[in-house]
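Working notes for the structure below.
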Ligand SMILES: NC(=O)c1ccc[n+]([C@@H]2O[C@H](COP(=O)([O-])OP(=O)(O)OC[C@H]3O[C@@H](n4cnc5c(N)ncnc54)[C@H](OP(=O)(O)O)[C@@H]3O)[C@@H](O)[C@H]2O)c1
Ligand SMILES: *[C@@H]1O[C@H](CO)[C@@H](O)[C@H](O)[C@H]1NC(C)=O
Ligand SMILES: *[C@@H]1O[C@H](CO)[C@@H](O)[C@H](O)[C@H]1NC(C)=O
């Protein structure tokens, strides 16, 4: 035990120092120039702002959501802002067949894929949970299962391009959050799934980065309406938020924290979990699953 202490603590120290202080490569908008990018939930809010940033950076942009009219307008704006190309495919992410076919069609139109930004959610109001199982199921399907379906459909293209999956989550996906239990559960599911496959990819040397974005309150119309009179918190601007998500994806960061979070972001990073994830890897026989 004494011997364990002697080398474990320094190793952990180095690990944590690396995790928290490793200097990031600098972001340049040119990183997105000519890149093929999908943004879901792009008819309004943060998704729409991401599409506009990507257009200004000269990316090939593919957007989706249900509202066809809104998407049409966004595509024409994207072209005005300088997108290398801009397209939309409308449909609902309640339908997993649509989710899968959307990726195939998008891949054909774009001619490959560099970045998959998963951002859509089914709309929710803030209220104590009163037993609506249909809503729990819809939240899991739209906010979580469709993300998995699309990621798996896109994986062959992303492997080819050394691409990136960017998953938009929330503080409610890292901590208990009353009045939004079904939403919170779906966001926790994203963390469990995507953080786990990130570990698999790192062991198997699959060079597809996974970025989980933990957002505080953002000033989108839907969020402002949902929190009104229920939650007292300062909202951060959606335009800036959209840019930080794209930066995190382009820099292949594991997590992005954005919002008026203050110290909360440091506390949410949960070093205990990080240490356990790092140390527990040794207990697995991962070699068994690596193709040779
Ligand atoms: N805003 C915040 O305060 C906040 C905080 C933390 C995390 N986040 C996260 O940030 C992301 C974006 O939030 P936001 O505030 O920008 O949301 P938003 O403005 O409400 O936009 C949601 C998008 O999802 C689409 N959508 C809704 N239902 C859909 C369905 N069944 N199938 C396909 N698309 C659907 C909507 O378009 P249609 O209605 O046209 O389908 C819309 O484009 C979400 O993942 C959210 O959890 C936001
Ligand atoms: C992907 O990364 C590998 C290893 O770094 C490299 O050999 C390959 O050229 C890259 N492919 C693309 C399309 O960037
Ligand atoms: C993974 O892909 C990125 C982006 O193309 C590249 O910069 C990096 O060198 C690759 N890493 C490995 C280990 O192949």
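Among the residues of the range 129-142, are any within 23 Å of residue 291 (Cα to Cα), more than 16 Å from ligand 3 (Cβ to nearest atom) and at pLDDT 95 or above? No - not one qualifying residue is present in the range 129-142.
For residue 257, the conditions (1) under 18 Å from residue 175 (Cα atoms); (2) surrounded by fewer than 18 Cβ atoms within 10 Å (Cβ to Cβ) all hold with the exception of (2). Of the helices (runs of 4 or more DSSP H) lying entirely inside the range 174-269, those containing at least 2 residues that are free of Cβ contacts under 8 Å to residues at least 12 places away in the same chain and within 16 Å of ligand 2 (Cβ to nearest atom) are 181-204. Screening the range 225-243 for residues that are touching a strand residue (DSSP E or B) at 6+ places or on another chain (Cβ under 9 Å) and surrounded by fewer than 18 Cβ atoms within 10 Å (Cβ to Cβ) and picking the one that is nearest to residue 180 (Cα to Cα) gives 235.
The values are calculated or read from the model by the stated rules, or taken from the named source; none is laboratory data. Keep in mind it's a predicted model, so treat the numbers as computed, not measured. Counting neighbours? That spans all protein chains shown, and the Cβs are built from the backbone with ideal geometry, glycine included.
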